[in-house]
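The values are calculated or read from the model by the stated rules, or taken from the named source; none is laboratory data. Quantities reported herein were computed from a predicted structural model and do not represent experimental measurements. Cβ: placed from backbone, ideal geometry, glycine included. Neighbour counts: every protein chain shown.
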Amino acid sequence: MSEVNIHKFNTILIGVAFSPNLKNNIFEAMRMVDFFDSNLVIVHVGTKTKEKEDRIKELISGFSDDDEKVVVIWKRGNPVSVIIDIAKEKNADLVMLGAIPREGLLKFYIGSIARKITRNAHCSVLLLIKPSEDLRPCNHIVVNGLKDEKTKQTILDSFEISQNLGAQKLTIVEEISQQEVKVIVEDDQSLLKDTLIKEQLAQKEDLRVQHILKDVPDDLKTGIVINTQSIFGKRGYSIGHYAKVVAADLLIMNAPKPSTFFDRIFLHDLEHILSELPTDVLIMR
Amino acid sequence: MKKTNNTTSGFMAQLPKNIFSGFVVSLIALPLGLGLALASEAPPISGIIAAVVGGIIVSIFGGSNVTITGPGNGLVVVLLGAITTLANGDLYQGYIFTLAAIICSGALMIIIGQLKLGILSDFFPSSAIQGMLAAIGISIFAKQFHVMLANTSIKGDTISLLTDIPSSVLLLFEPENKTIAIAAIVGVLSFLIMLFYGKIRNKYFQLVPAPMWIVLIAIGLSYYYEVFSSDPYPIDTELLVQIPNDIFSKFPSPDFSLLLDPKFISVVIAITLISSIESLLSIKAVDKLDPLKRRSNINKDLTALGIASIVSGFLGGLNVVTVIARSSVNVNNSGSNRSSNFFHSFFLILFVVLFQDQLRRIPLTALAAILVYTGYKLAAPRNLKDIAKIGKEQVFIFFATIIATITTNLITGILIGILATIIIHFILNKSVILFARNLFKPNVLMFKEGINGTYFVSVKNFSSFLNYSRLKRKLDTIPENQDTVIDFSLCDFVDYTVQDSLLGYQETFKRKGGSFEITGLDIHGTSSEHPLAVRSLISFSKKAKIKNGTSNLTKRQQDLQHIANDFSWGYDPQKTNDVIGVSDFVFFKTKKINYLNNSIYDPQSVFKIFDIEFSEGEFIARTSVRATMLIIRLKKEIPKFTLDKEGLLEFLYKFSGFRDIDIQGHPDFSKRFFLLGENPEKIQSFFTDELVLFLESNPYYHIECKSDSLLIMSKTRLASSKEIKSLINYSTHLEKVISGIQYDEIVLKSPKIKS
């Protein structure tokens, strides 16, 4: 039980295009490198020119003098497969992707390339809804507490990440789907039954999470306020809604099992999040 | 076991009351049953059969408590159409075809009930339903007005019937129609009784319901002619109710030969649709009247109504629905359980058996008068006025539905109403994508907040009749004696249907001791000044919002106004960007305040409560948060500090030079709260025992002090009016405690602090 094995982000990979977002994307990545004390691989899918090279060098130079920490790779091809392949090749543990805010709307959607990478990458993926030049403090992290074999690892990792990012609050959300309640509220009796069952389910789920929390080393817990919250709703979707309601700064989720044909039709947990990013999302693998 | 005994003895104790109210209801059900059957061109007794069967079966199998079942108003139009057209004008053949349709629709209702699909009735937009009911009212009115004037032979569609009313009136003044004119006078007098019954405040007169007065007077008149007058009864037998002698021995047999005919199928669908809608609307309305505040099981009720319709159909009766008017009479006469429905049937049987001869003396015109009044009530122009206040677009939907229903049929009418509503929503939002993209998303999040057990419901994207069932399913799982906050700040568009239903929830929660607060609607633009007006975040009517900032208040804003009035404080709903005195709290150091609104302040401007929207990040709001906060302006300067339970903002405050402080002698307090400040000695002397005790013994609030003022907040979301009241209460007490601390003296006396 006590094999506590915490993920470290040793190598971070970011794919960049020469768009107005370049600076913000690189700045975000450099900060992550700082927080996690890791290496950075910058990938540009396209041709290498002197001009582009200088531009990237200039942006990096503001952060570290240690040139060995940052590698820039130039490669032509299909962006999705290039990035996935390089991530594998370089043994990256985290791929960072930026979302595109829709003009005028306060909602963030993720492009098709980023979606494909998210689905198929071998490692964790961080989706940023709004890469910015300045540091934004990360105060509140929401992490899923699903009943899943990966959850324990994800929760452990979240503590590590919270420590690195200096977050002060971590909320573990147990999503309980309505199907588990198995009662349709029709009158006072069924309402009573429904309330009771929900309370029991919530208690059971909470117990399970508390059990996981026991295994988290104390030094990872210091300085962090830990909350648990049971919500009843559609898996994957309601946690995103919750993260938005509590204005969380980062949402950490388990990676889903490999998606099948049916998942594309009936939206999968992850697809719900991808279709409408509530905040920055980290998918742990 | 004990419980059953209790309920049985309770039931016995309630029995006399229920027998009485069943009796009163049967007095109305008798004339109404006859009238509704006649209006459908069915044999008059078929209405009574429906009421008798309905009362017995639904009282046994039903899931509601104080409802009364029987033939319904809404069905008149469908049944009339079916009976007159299914057999191409042969009324008797049409009637037995219709009986088959009633039986089939009963089977459908059972299926709906068993599959627990009663919730589907919420899929209809309010204005379209109201339009449909008004159209039914107009149809009944148009047809029965002629019957009331003793012109029974008239035929035609609703519009021609309406335009023919003057000619029917003129007909009466022709000399050869003298006998008819007397029947018409009875009809008009009956109508006047219906109209003015409510205005006559005489307790003996009010003992008998208006329809029964009409029946009694009409029967009395016929006895007068029989006993006292030498003249024959002036009303022709053709204009009297026909009741067969063999009602209990010979039942008509339903004819199922049209089973697969499209016309027959559409009649079945129409009957099912209208009877489900009428029943569910009635159940919903009657639940609000139930003195014991029970919640009806609509699915069980639908099943029972289905069974009742099948039985009634086989016995030659109309179909059975839950009826609002009779149910409310039941409640008013202290009916308290389903037995009153049963007794209403029992008394109906008694009447028919004992007074068959008397019933045959009732003129049709008198019964028609009752229906004219019912039709007028359904179509009442007041409904239109109410809808017009909500917005022009609702009037459009209302009329589109009425016109479509009158000119085509009920199903087409309601479909056009739905379509009109959808199109109007598209136009109001200038977007189809908003709806298309989000229609199937589970847009409702509900969770129970850990701290005080408040249920919090957040709705995203859009909320209209299209996806209301999702919200309703969630809301139905909240016990009504709990506190609930429903938040629409993430919702771009909220329609009238949803707001109307939420108002219903609000009433129910209030009745049952809980609270139901709607927040996040005050930032939306509206289409009119009505509190239930359609609300959208998209700028379709910014004008209305800015111009009428004070007159168009949401329910929450009205509540805030009331709170302010209760304290004799001022209230200002307007948005303001004036953040002086607010933005320099450390809390807002990394946040950008977008605006303040809904401020409540006291006359001395010591306290000020407001809703605030702020965002973190520099560009377009990255995450916009809305919260309710309170500021106390102090009369003197006290040390800067911040008190927090979670240490959430520790980082921020430490950044501003604050340090952790322990209060000596209160280890418990130090453990529970994060107290930070610049000057530990000053703060330690400021936190007297009294203040610590106050903070420990009250619910937790986040407090920040910037020497001359205090910022107090509980959660980073909008507070409900209940929460605001406790926030005010807390703050006024805190202010008293703080102003009681002789801080200056402490500083002067204490030799330790010299700076």
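A few comments on the model shown:
- Region B:421-442, residues that are of a type in the set (G, A, S) and assigned to a helix (DSSP H, G or I): B:A436
- Any chance B:V215 is of a type outside the set (G, A, S), in a helix (DSSP H, G or I) and touching a residue at least 24 places away in the same chain (Cβ under 8 Å): yes
- Evaluation of B:F641 against (1) within 14 Å of chain A (Cβ to nearest Cβ); (2) more than 42 Å from the chain's Cα centre (by Cα); (3) at pLDDT 80 or above (one fails), failing number: (1)
- The C-beta contact set for region B:478-502 (first residue over 25 Å from A:E199 (Cα atoms), second residue assigned to a helix (DSSP H, G or I) and hydroxyl-bearing (S, T, Y), distance under 7 angstrom, 6+ apart or interchain) comprises B:Y496/B:S126; B:Y496/B:S127; B:T497/B:S126; B:T497/B:Y468; B:V498/B:Y468; B:D500/B:S126; B:S501/B:Y468.
Residue-by-condition table, conditions (1) within 14 Å of chain B (Cβ to nearest Cβ); (2) under 19 Å from A:D219 (Cβ atoms); (3) at pLDDT below 80; (4) surrounded by fewer than 21 Cβ atoms within 10 Å (Cβ to Cβ):
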site	(1), (2), (3), (4)
A:L126	no, no, no, no
A:H140	yes, no, no, no
A:K147	no, no, yes, yes
A:K152	no, yes, no, yes
A:S162	yes, yes, no, no
A:Q179	yes, no, yes, yes
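- Residue in region A:75-98 that is modelled with pLDDT under 80, among the basic types (K, R) and under 26 Å from A:R285 (Cβ atoms) present: no
- Any hit, region B:412-431, residues being within 14 Å of chain A (Cβ to nearest Cβ), over 30 Å from B:V76 (Cβ atoms) and free of Cβ contacts under 8 Å to residues at least 12 places away in the same chain: no
- Residues that are assigned to a helix (DSSP H, G or I) and within 14 Å of chain A (Cβ to nearest Cβ) are absent from region B:394-408.
- Residue satisfying condition, being in contact (Cβ under 8 Å) with a residue 40 or more places away in the chain and under 24 Å from B:L350 (Cα atoms), within set B:T67, B:T84: B:T67
- Residues in region B:551-582 that are among the polar types (S, T, N, Q) and loosely packed, with under 15 Cβ neighbours inside 10 Å were compared, and the one that is farthest from the chain's Cα centre (by Cα) is B:N577.
- All positions within region A:164-175 that are hydrophobic (A, V, I, L, M, F, W, C) and more than 10 Å from every other protein chain (Cβ to nearest Cβ): A:L165, A:L170, A:I172
- Selection from region B:478-502 of residues that are part of a loop (DSSP other than H, G, I, E, B) and within 13 Å of chain A (Cβ to nearest Cβ): B:I478, B:P479, B:E480, B:N481, B:Q482, B:F488, B:S489, B:L490
- Filtered residues of region B:478-493 (kept if among the hydroxyl-bearing types (S, T, Y) and modelled with pLDDT under 85): B:S489
- Residue in region B:296-313 that is within 14 Å of chain A (Cβ to nearest Cβ), part of a loop (DSSP other than H, G, I, E, B) and over 25 Å from B:A42 (Cβ atoms) present: yes
- Looking only at region B:164-182, and only at residues there that are modelled with pLDDT of 80 or more and of a type in the set (S, T, N, Q), the one that is nearest to B:F141 (Cα to Cα): B:S168
- Checking each residue in region B:262-320 for being closer than 26 Å to B:G10 by Cα, at pLDDT 85 or above and basic (K, R) picks out only B:K300.
- Test: residue in region A:196-204 that is in a helix (DSSP H, G or I), surrounded by fewer than 17 Cβ atoms within 10 Å (Cβ to Cβ) and β-branched (V, I, T): yes
- Scope region B:444-477; condition small (G, A, S) and facing chain A (nearest Cβ under 10 Å); matching residues: B:G450, B:S458
- Residues in region B:432-443 that are farther than 25 Å from A:V173 by Cβ, in contact (Cβ under 8 Å) with a residue 12 or more places away in the chain and within 12 Å of chain A (Cβ to nearest Cβ): B:L434 alone.
Condition check ((1) over 26 Å from the mean Cα position of the chain (by Cα); (2) farther than 19 Å from B:E278 by Cβ) across all residues:
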| site | (1), (2) |
| --- | --- |
| B:I45 | yes, yes |
| B:V53 | yes, no |
| B:S59 | no, no |
| B:G62 | no, no |
| B:T67 | no, no |
| B:G72 | no, no |
| B:L91 | yes, yes |
| B:F97 | yes, yes |
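- If you go through region A:16-32 and keep only what is within 21 Å of the chain's Cα centre (by Cα) and either surrounded by fewer than 22 Cβ atoms within 10 Å (Cβ to Cβ) or more than 12 Å from A:M96 (Cα to Cα) (or both), you end up with A:N21, A:L22, A:N24, A:F27, A:M30, A:R31, A:M32.
- Considering only residues in region B:264-285 that are of a type in the set (A, V, I, L, M) and within 14 Å of chain A (Cβ to nearest Cβ), the one that is nearest to B:K512 (Cα to Cα) turns out to be B:I283.
Rundown of residues vs (1) modelled with pLDDT under 80; (2) of a type in the set (A, V, I, L, M); (3) over 20 Å from B:T519 (Cα atoms), yes/no style:
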residue	(1), (2), (3)
B:S697	no, no, yes
B:I703	no, yes, yes
B:D708	no, no, yes
B:I712	no, yes, no
B:A719	no, yes, no
B:I724	no, yes, no
B:L734	no, yes, yes
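- Selection from region A:225-247 of residues that are closer than 18 Å to A:I161 by Cα and more than 9 Å from every other protein chain (Cβ to nearest Cβ): A:I226, A:A243
- Of all residue pairs spaced 6 or more apart or on separate chains, those with beta-carbon atoms under 9 Å, a first member in region A:193-205 that is more than 10 Å from chain B (Cβ to nearest Cβ) and a second member that is surrounded by fewer than 18 Cβ atoms within 10 Å (Cβ to Cβ) and of a type in the set (D, E, K, R) are A:I197/A:E180; A:I197/A:K182; A:L201/A:E180; A:E205/A:K147.
To keep it simple, each residue is scored yes or no on (1) touching an Asp or Glu at 6+ places or on another chain (Cβ under 7 Å); (2) crowded, with 18+ Cβ neighbours inside 10 Å.
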{"residue": "B:E393", "(1), (2)": "no, yes"}
{"residue": "B:I397", "(1), (2)": "no, yes"}
{"residue": "B:I403", "(1), (2)": "no, no"}
{"residue": "B:I406", "(1), (2)": "no, yes"}
{"residue": "B:F440", "(1), (2)": "no, no"}
{"residue": "B:S458", "(1), (2)": "yes, yes"}
{"residue": "B:N461", "(1), (2)": "yes, yes"}
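- Scanning region B:304-354 for residues that are surrounded by fewer than 24 Cβ atoms within 10 Å (Cβ to Cβ), closer than 17 Å to B:I277 by Cβ and in contact (Cβ under 8 Å) with a residue 60 or more places away in the chain yields a total of 1.
- On inspection, B:I728 passes the criterion of being among the β-branched types (V, I, T) and in contact (Cβ under 8 Å) with a residue 60 or more places away in the chain.
- Conditions (1) within 22 Å of A:I197 (Cα to Cα); (2) outside any helix (DSSP H, G or I); (3) hydrophobic (A, V, I, L, M, F, W, C): number failed by B:L475: (2)
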